[in-house]
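> Structure below; questions to follow.
The values are calculated or read from the model by the stated rules, or taken from the named source; none is laboratory data. All of these numbers come straight from a predicted model, not from anything done at the bench. When we count neighbours, we look across all protein chains shown, and the Cβ atoms used for this are built from the backbone with ideal geometry, even at glycine.
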Amino acid sequence: MLMKGVAATIAFALLSGCAGDAAPPPANSDASLRNELLRRVTQDQAIRDTVMGSMRNAAGIPDSAIARRMRAVDAGNTAWLMRVVGPGNWFTTKRVGRDGMKAAFLLLQHSDSSVQDQLLPTIKRSFVVGEVSGQEFALLSDRVATSFGRPQTFGTQGDIKDGRVLFYPIEDSIGVDARRAKMGMMPLREYAALLDSMYVRTPSR
């Protein structure tokens, strides 16, 4: 999505509800692991709020020191995720609850592209069995594709240029809305309008 590494995942958090799902965790869940996921995602969002605040105060340019802090938070969370899940594995709702799953996915969105690429097949399997939403799988799939210079499939990645939301190249763009619908996502035009309302400023008169 927008302004890679900063506004991109914040936008997704707003659209999907992120880790704010208030449903209680399963009775046999791993409470300590779930709590750690929620603690880390709270830290993740706090630093992004700070970055966004610095951008509003400096004509859209993030404060460099705050941006470095954000990258350090992301690197620590990525290292922790890889230690916990290991190769070819991911969390389950039974283990960490629905909010824990959403928190874990958001942390993955803020990891580096090589880790995302490594875990994409695992996330796809989790999507197939209903542990990961279609929107989440679409977002990660597109992020990996654009990170490696390939066209995206679902139209979730883009940037703001000259006051407009512009999406990165989409493979078979004519069929993108049909693919988005299968993932439970709104049509691309509606999505672009929503992002415009969130991120594109109307010049003051």
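> If you check residue 55 against the conditions, is it part of a helix (DSSP H, G or I), touching a Pro at 6+ places or on another chain (Cβ under 9 Å) and modelled with pLDDT under 95? Can you show your working first?
Numbers: part of a helix (DSSP H, G or I): yes; touching a Pro at 6+ places or on another chain (Cβ under 9 Å): yes; modelled with pLDDT under 95: yes.
Answer is yes for this residue.
To keep it simple, each residue is scored yes or no on (1) among the aliphatic types (A, V, I, L, M); (2) more than 16 Å from the chain's Cα centre (by Cα); (3) at pLDDT 95 or above.
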residue: 63; (1), (2), (3): no, yes, no
residue: 66; (1), (2), (3): yes, yes, no
residue: 76; (1), (2), (3): no, yes, yes
residue: 88; (1), (2), (3): no, yes, no
residue: 117; (1), (2), (3): no, no, yes
residue: 121; (1), (2), (3): no, yes, yes
residue: 125; (1), (2), (3): no, yes, yes
residue: 145; (1), (2), (3): yes, no, yes
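> Suppose the filter is hydrophobic (A, V, I, L, M, F, W, C), within 18 Å of the chain's Cα centre (by Cα), under 30 Å from residue 162 (Cα atoms) and modelled with pLDDT of 95 or more; does residue 37 pass it?
Numbers: hydrophobic (A, V, I, L, M, F, W, C): yes; within 18 Å of the chain's Cα centre (by Cα): yes; under 30 Å from residue 162 (Cα atoms): no; modelled with pLDDT of 95 or more: yes.
In short, no.
> May I ask you to verify whether residue 126 is surrounded by 14 or more Cβ atoms within 10 Å (Cβ to Cβ) and either among the hydroxyl-bearing types (Ser, Thr, Tyr) or without any contact (Cβ under 8 Å) to a residue 12 or more places away in the chain (or both)?
Considered against the rule, which asks whether it is surrounded by 14 or more Cβ atoms within 10 Å (Cβ to Cβ) and either among the hydroxyl-bearing types (Ser, Thr, Tyr) or without any contact (Cβ under 8 Å) to a residue 12 or more places away in the chain (or both), residue 126 comes out as yes.
> Within segment 90-125, how many residues are in a helix (DSSP H, G or I) and either more than 24 Å from residue 35 (Cβ to Cβ) or small (Gly, Ala, Ser) (or both)? Explain how you work it out, then say what you get.
Looking only at segment 90-125, we keep the residues that are in a helix (DSSP H, G or I), and these are 93-109, 113-125.
Those still in the list that are either more than 24 Å from residue 35 (Cβ to Cβ) or small (Gly, Ala, Ser) (or both) too: 97, 100, 103-104, 113-114, 116-118, 120-121, 124-125.
Residues flagged as in a helix (DSSP H, G or I) and either more than 24 Å from residue 35 (Cβ to Cβ) or small (Gly, Ala, Ser) (or both) within segment 90-125 amount to 13.
> Can I ask one more? Would you please name the residue that is nearest to the chain's Cα centre (by Cα), looking only at residues in segment 159-199 that are modelled with pLDDT of 85 or more and at positive phi?
By that ranking, first place goes to 184.
> Residue pairs, Cβ under 8 Å, 6 or more apart or interchain, first in segment 79-108 and farther than 16 Å from residue 125 by Cα, second aromatic (Phe, Trp, Tyr) and part of a helix (DSSP H, G or I). List them.
106/12
> Give segment 126-176 a look and list any residue that's assigned to a helix (DSSP H, G or I), among the small types (Gly, Ala, Ser) and closer than 16 Å to residue 113 by Cα, or say none.
The answer is 138, 141, 145, 147.
> Another question about this same structure. Output the number of residues of segment 129-156 satisfying the condition of being surrounded by fewer than 22 Cβ atoms within 10 Å (Cβ to Cβ) and closer than 17 Å to residue 194 by Cβ.
Of the residues in segment 129-156, 1 are surrounded by fewer than 22 Cβ atoms within 10 Å (Cβ to Cβ) and closer than 17 Å to residue 194 by Cβ.
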